[in-house]
1. Of the DSSP beta bridges with both residues in the chain, give the percent that are antiparallel, rounding to the nearest 5.
2. Sort 13, 50 by Cβ crowding within 10 Å, fewest neighbours at the top.
3. 222 nm [θ] for the chain, helices only, -39500 (n - 2.57) per DSSP H run of 4+, per residue, to 500?
4. On a full-extension model of 0.36 nm per residue, what is the gain between residue 171 and residue 211, subtracting their alpha-carbon distance, rounded to one decimal in nm?
5. Taking the chain as a Gaussian network, where each spring joins two C-alpha atoms under 10 Å apart, which residue of 186, 14, 56 fluctuates the most?
6. Compute the Cα gyration tensor for the chain, then decide on rounded, prolate or oblate, letting a ≥ b ≥ c be the square roots of its eigenvalues: rounded whenever a/c is under 1.5, prolate when a/b is larger than b/c in the other cases, and oblate in all that remain.
7. Between residue 103 and residue 191, what is the label-point separation in nm under the 7 Å Cα-to-beta-carbon projection?
8. If each residue of separation counts as 0.36 nm, what is the full-extension length gain between residue 160 and residue 22 once their alpha-carbon separation is subtracted?
Ligand code: AMP
């Protein structure tokens, strides 16, 4: 299954991807995670991207498309994937279409995560992730269980807040979403791929809604 998760920062795309990866045995391809790995490794791309990310802006389309093309060529993506946080602009969506047409594997569905804007700021500013396993927690809604830490994946939880998850940057990221990413809703609606999911409420409830939308 080839799916796009579309939604504002903090709408739960990453958390729900992590849950679906287990049940569907397909990888989560998060351009945010790929970029953060470049930043951590100190690559040339990572050095260029860091300032843009910290400012809450979008990294340029050519860089993102090159990174996604490389990731989707990996063997684990042959059975399908969840694209999380990509595409984020119309040119990225058009680039993705070309890429998938070349391998004869078009998208099956685009899930749009609907969350009220007020809730997004609270969700993002409470978000923490484990430095080691990447699992996402939230100080307000999904605190780390004691024990086991990290859902049992790591022995010691090392929670960090992303530098771009501070309240100052969040407003910018939300504005960028409205301007540059929200037009993708109409783009995918016109292609008949869009399925809206109410993404507020219990994690498991939202997962069930996503599964139901995918089964439609
Ligand atoms: P995320 O983890 O998806 O919230 O992404 C964190 C940051 O990485 C964003 O605020 C952007 O600066 C950058 N980024 C991630 N994905 C993309 C993308 N598809 N296009 C452009 N920039 C991206």
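The numbers here are math on the coordinates, done by the rules we state, and not lab data. Everything quoted here is computed from the prediction, not taken from an experiment. All Cβ positions, glycine included, derive from the backbone under ideal geometry; neighbour counts span all protein chains shown.
1. 25 percent
2. In order of increasing Cβ crowding within 10 Å: 50, 13.
3. Counting only the DSSP helices, I get -14000 deg cm²/dmol.
4. Gain on stretching residue 171 to residue 211: 11.4 nm.
5. 186
6. rounded
7. For the pair residue 191/residue 103, the computed spacing is 1.5 nm.
8. Gain on stretching residue 160 to residue 22: 47.3 nm.
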